[in-house]
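The values are calculated or read from the model by the stated rules, or taken from the named source; none is laboratory data. Note that the coordinates shown come from a computational prediction; the quantities given were computed from them, not determined experimentally. Every residue, glycine as well, gets a Cβ built from its backbone with ideal geometry; the counts of neighbours run over all protein chains shown.
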């Protein structure tokens, strides 16, 4: 059997045979190697085989350990790289980080990182390449499954919300967020009233964590009323957008205008805060003298006001055991002398007449 090689090719392969190398260096014509030596070259092709891989399946972003072995001799400056392909043909592949500087003919390349943006797939393959000498190893021999991390649809109670309503949103995820800094932020995003998420959606709550959990969300004041809203969860590192909640949500604008004084009646405006912010709704009181406990009980809130002596409360519900505030506004008093008594009250009361605190 004959093998035709150029002089330089043979010199490179005969690094281990200095006597033959010296003889060949003086030749100028093509070289024909026959017999045993040719058979030796045919049997000694250089390879790198993968001997072990951390047990899968794997999540994108995970670190794995890759064992290898080779019959080749690697020289100083050699660098190993692990490559990932979408299938056994390796027509499309990427180099994985990090690289490994070693001349060892066998060992384990630890903490090889699968990129966090790797798509879900079931036919991935790995191989190892070296630089000194340049060898492209064989693939690992069997398909590898990789799962991209995903976020679940958000879960929460209720389908109708008022401006400034606060509620909890829970969610889950697949895969750990490997090699992710602690400043990853999960954001609860609100669509527009038609269910469309704009390029910069309204963020109604955040959670800084690499773990799924609970986000405390608040519908912003001034959000337009509508019946087609949706909510979804998005992470920042890696960037993943989850599906929306799957059903339309209603956001209600509270009725009434807190700037308007009642004409001969008290307009009572309620807020879901202790400082007259986050307007929630109103009721009216026809009587000049009033006791709020006749309209709503001690263990309730202004949103429980009945219609016994004026309009019943209209607006968003107010939880009685969280901070709230309310204001009575009236104009068109009959001329005369008035004595104002506040025999009982809870917390603070301020009396304002014609814009001046008295």
Q) Considering only residues of segment 93-107 that are surrounded by fewer than 16 Cβ atoms within 10 Å (Cβ to Cβ) and in contact with a strand residue (DSSP E or B) (Cβ under 6 Å, 6 or more places away or on another chain), which is nearest to residue 67 (Cα to Cα)? A) 106
Q. Hey, does segment 224-233 have a residue that's at pLDDT below 95 and either outside any strand (DSSP E or B) or closer than 18 Å to residue 161 by Cα (or both)?
A. yes
(Q) Just the residues that are in a loop (DSSP other than H, G, I, E, B) and under 16 Å from residue 157 (Cβ atoms), please, taken from segment 193-223. (A) 219
Q. Of the residues that make up segment 325-347, is at least one without any contact (Cβ under 8 Å) to a residue 60 or more places away in the chain and either in contact with a strand residue (DSSP E or B) (Cβ under 6 Å, 6 or more places away or on another chain) or surrounded by 12 or more Cβ atoms within 10 Å (Cβ to Cβ) (or both)?
A. yes
Q) Does residue 48 satisfy the condition of being surrounded by 13 or more Cβ atoms within 10 Å (Cβ to Cβ), within 30 Å of residue 118 (Cβ to Cβ), over 28 Å from the mean Cα position of the chain (by Cα) and modelled with pLDDT of 50 or more? A) yes
Q) Out of 132, 148, which single residue is surrounded by fewer than 20 Cβ atoms within 10 Å (Cβ to Cβ) and at pLDDT 95 or above? A) 132
**Q.** strands (runs of 3 or more DSSP E) enclosed by segment 69-162 - at least 1 residues per element that are without any contact (Cβ under 8 Å) to a residue 12 or more places away in the chain, more than 21 Å from residue 51 (Cβ to Cβ) and in contact with a helix residue (DSSP H, G or I) (Cβ under 7 Å, 6 or more places away or on another chain)
**A.** none
Q: Only residues that are under 15 Å from residue 268 (Cβ atoms), assigned to a loop (DSSP other than H, G, I, E, B) and in contact (Cβ under 8 Å) with a residue 40 or more places away in the chain: list them for segment 310-324, please.
A: 310, 313, 316, 318, 324
Q: Scan segment 265-287 for residues that are in a loop (DSSP other than H, G, I, E, B), at pLDDT 95 or above and closer than 18 Å to residue 352 by Cα and report the count.
A: 1
